[in-house]
1. Using a cut-off of 15 Å between beta-carbons, work out the net charge of the residues near Ser143 (Lys and Arg +1, Asp and Glu -1, Ser143 not included).
2. How big is the C-alpha Rg of segment 121-291 next to the rule-of-thumb value 2.2 N^0.38 Å, as a ratio?
3. How are the C-alpha pair distances of segment 156-226 spread across 10 Å bins, as whole percents from the shortest bin up?
4. Expected output is a single nm value to one decimal: the length gained when fully extending between Val248 and Val267, i.e. 0.36 nm times separation in residues minus the C-alpha distance. What is it?
5. Where in segment 223-257 does the label zone of Leu59 land, with the point 7 angstrom along Cα→C-beta and an amide N cut-off under 20 Å?
6. Using a Förster distance of 35 Å, how high is the FRET efficiency between Arg123 and Lys288, based on the Cβ-Cβ distance and rounded to 0.05?
7. P(r) for segment 178-276: what percent of alpha-carbon pairs falls in each 5 Å bin, starting at zero?
Amino acid sequence: MAAAAPADAKLARRLVLDELIPVETRHHAFWQSFFGLELGRLDLGRRLKLALILAVCRLFGAPAIHLILESIEVHGVRKYLAIWHRYGAGPLGGAVREVLRDEFEHEDAVVTGDAERRINPERIRGIFLGLNDGLVEILGAVSGFFAAFGASVTVLVAGLTVAVAGALSMAAGAYAGASSASEVRATEEGRRRFLGERPAEDAGESPLTAAMVVGVSYFAGALVPVLPVLAGARTALPSLLTAGTVIVVVSALLAFLAGMDVRRRVVMNVLITALAVLATYAIGLAAKALFGVTV
């Protein structure tokens, strides 16, 4: 019986996909006609993106497939809603409504089915917050330390100290925030039970899990600009190049998974990081000039 369950689930997914193929083919024709497009094949950029997605799915299997499908669904819903806000009140509003209803219902059936959704918005925010803060803060600290001290050993010790302190601080803040949210949910659930109402299904993330996710993510991000110094870098340039590359990759990946605009998120994060580095480097130079900091 246990072996039959996965086979039945696989057959059910196949039946759903077989049902959706003609529906999505019809929708594809509708959108091409609606916007006056003739898209016979994907351009180079989209082909490369599709090849990357297929490679990730083959490498990591079912979990990666579900994550990617859910993230694509979020992107699609956002675009469909934008189309509805623009064209819903027009003469073709009825046709658009029918197509969007099919899109929303069928995409949800394919992506989730009977399985639990794997994208946890709170966890994505925690990972993004931790990685982003660790990368930006420690990259700025390393740049400022190099400007002030110039000695790799001093920069390494100072950078690791700030990284550990920052990870503990971020974890403590995440724990406190999740604990407060948990208390609020518990109070609300008690009120619902007293009134005979159904408790909310979203139990939220436990405080310990939230603290671990944010703290570990922060420390992982913080290690990126420190590793070149550990490897013997004598200037901030290797840390800038390494951390800058990781910032672009992490921003793009997490923006994609969370359904954000990838290009805007990457550009915003790079600009914020550049401003932080310039500011801390200037502070380091000023400290060295004004206070005669030497090592």
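1. With Lys, Arg at +1 and Asp, Glu at -1, the net is +1.
2. Here the answer is 1.25, to two decimals.
3. 21, 34, 21, 14, 8, 2
4. This chain segment gains 6.0 nm when fully extended.
5. 224, 242-257
6. With a Förster radius of 35 Å, E is 0.25.
7. Distribution as computed: 2, 11, 13, 14, 14, 12, 11, 8, 6, 4, 3, 1, 1, 0 percent.
FYI, it's all coordinate maths here, none of it is from the lab. Just so it is clear, the model here is predicted, and its values are computed rather than measured. So basically every Cβ, Gly included, is an ideal-geometry build from the backbone, and we count neighbours across all protein chains shown.
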